[in-house]
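Below is one structure; the comments refer to it alone.
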Amino acid sequence: SSKDSNGFTSFKLNVLKQRFLILFLASPCSAHTLHLSLSLSLSDHQLSSVPIIHLFSHSYEKSEEEMLKFMGLMNSTWVIDGHDIVTAFDLSSFKTVIDLGGCSGALARELAKEYPSSTVTVLDLPAVVQTAQRHFAQQDDTICFQEGDFFEGEIPPADLYILARIIHDWKEDKNLKLLKKIHTACHPGGGVLIAEALLFENRRGPTMVQMFSLNMLVQTEGKEHPPSHYTRLLTDAGFRDVQVCRTGKSYDAILALK
């Protein structure tokens, strides 16, 4: 029956997501496994002196093969969940969109397909953009790529900025500085779309998001958060009308306006 077919499709997608998570956690591009084992045996004081190699700088400074592994995992995430993110809200009024740290361009492509009248650009580090254009470009691509560093360099003006799986990587002060910078660059009436895995407000679930948060804690400066954290952060950065959409999938969407 149709119901059985949909159920089987959902089952296959869940298995695929779990496979990606396992590959991600086991990937040689990060050093978090070592840090996790140390955290189980060392005190907080001892642990504070153990350096954590950040996932992204470590991945991008290694060989192109390692970078491709990482970018492939990011690409697969948005091939599966991207449509739910770009349709969580009506984004048709935003005519110029920049996906900050958009990696392979998979999420940007989903947005461009859903809103063909919008111009969509991926802004990422030069090495990432060059690898994306060599290995992930598609013949019917309507998206553009631009090399840049949104933390250190200028952010081009646009109607909408996407931060997909970016905020959870960093500490609050760095995220607030970035969001204020985006607010300054954003056209009046524009906004920012954040895609993250959201914890419940009591932080007691969902279980998968708790696993994501543990993963982030041991390999980056950040962690996963509940909706109230993002609402406060966006408000402090100058944004208004914060809306939250739980997609029912691995990642949720938050939209805030200038």
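The values are calculated or read from the model by the stated rules, or taken from the named source; none is laboratory data. Since the model is a prediction, treat every value here as computed from it, not as a measurement. Cβ placement follows ideal geometry from the backbone for every residue including glycine, while neighbour counts extend to all protein chains displayed. To get the accessible areas, we keep the full protein, side chains included, count just its heavy atoms, and leave off ligands, DNA and RNA. Shrake-Rupley method; radii C 1.70, N 1.55, O 1.52, S 1.80 Å.
Tabulated values for the structure
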| quantity | calculated |
| --- | --- |
| Sole exception among (1) surrounded by fewer than 18 Cβ atoms within 10 Å (Cβ to Cβ); (2) among the acidic types (Asp, Glu); (3) more than 21 Å from Glu66 (Cα to Cα) for Glu147, by number | (3) |
| Members of the stretch 169-198 that are in contact with a strand residue (DSSP E or B) (Cβ under 6 Å, 6 or more places away or on another chain) and farther than 17 Å from Asp124 by Cα | His187, Gly190, Gly191, Leu198 |
| Residue that is surrounded by 20 or more Cβ atoms within 10 Å (Cβ to Cβ), of a type in the set (Val, Ile, Thr) and under 29 Å from Gly248 (Cβ atoms), where the choices are Ile85, Ile80 | Ile85 |
| Long-range neighbours under 8 Å by Cβ, at least six apart or interchain, first residue under 19 Å from Ala195 (Cβ atoms) and in a loop (DSSP other than H, G, I, E, B) within the stretch 234-246, second modelled with pLDDT of 95 or more and open to solvent by 80 Å² or more (accessible area, probe 1.4 Å) | Ala237/Lys180 |
| Residue list for the stretch 159-168, filter: touching a helix residue (DSSP H, G or I) at 6+ places or on another chain (Cβ under 7 Å) and not β-branched (Val, Ile, Thr) | Tyr161, Ala164, His168 |
| Evaluation of Glu152 against (1) touching a residue at least 12 places away in the same chain (Cβ under 8 Å); (2) over 17 Å from Leu91 (Cβ atoms); (3) open to solvent by 50 Å² or more (accessible area, probe 1.4 Å) (one fails), failing number | (1) |
| Test for Val122: is it surrounded by 14 or more Cβ atoms within 10 Å (Cβ to Cβ) and touching a helix residue (DSSP H, G or I) at 6+ places or on another chain (Cβ under 6 Å) | yes |
| The stretch 203-234: number of residues that are modelled with pLDDT of 90 or more and out of contact with any strand residue (DSSP E or B) (no Cβ under 7 Å at 6 or more places or on another chain) | 4 |
| Residue in the stretch 176-183 that is open to solvent by 10 Å² or more (accessible area, probe 1.4 Å) and closer than 23 Å to Phe212 by Cα present | yes |
| Qualifying residues in the stretch 107-119 (those that are out of contact with any His (no Cβ under 8 Å at 6 or more places or on another chain) and part of a helix (DSSP H, G or I)) - the one most open to solvent (accessible area, probe 1.4 Å) | Lys113 |
| Filter result for Ala195 (surrounded by 15 or more Cβ atoms within 10 Å (Cβ to Cβ) and under 12 Å from the mean Cα position of the chain (by Cα)) | yes |
| Conditions (1) at pLDDT 95 or above; (2) surrounded by fewer than 16 Cβ atoms within 10 Å (Cβ to Cβ): number failed by Arg134 | (1) |
| The listed residue being of a type outside the set (Gly, Ala, Ser) and in contact with a Cys (Cβ under 6 Å, 6 or more places away or on another chain), out of Lys258, Lys249 | Lys258 |
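This table checks each residue for (1) assigned to a loop (DSSP other than H, G, I, E, B); (2) touching a Ser or Thr at 6+ places or on another chain (Cβ under 7 Å); (3) not charged (D, E, K, R).
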{"residue": "Val129", "(1), (2), (3)": "no, no, yes"}
{"residue": "Arg134", "(1), (2), (3)": "no, no, no"}
{"residue": "Phe150", "(1), (2), (3)": "yes, no, yes"}
{"residue": "Asp159", "(1), (2), (3)": "no, yes, no"}
{"residue": "Leu178", "(1), (2), (3)": "no, no, yes"}
{"residue": "Leu193", "(1), (2), (3)": "no, no, yes"}
{"residue": "Arg203", "(1), (2), (3)": "yes, no, no"}
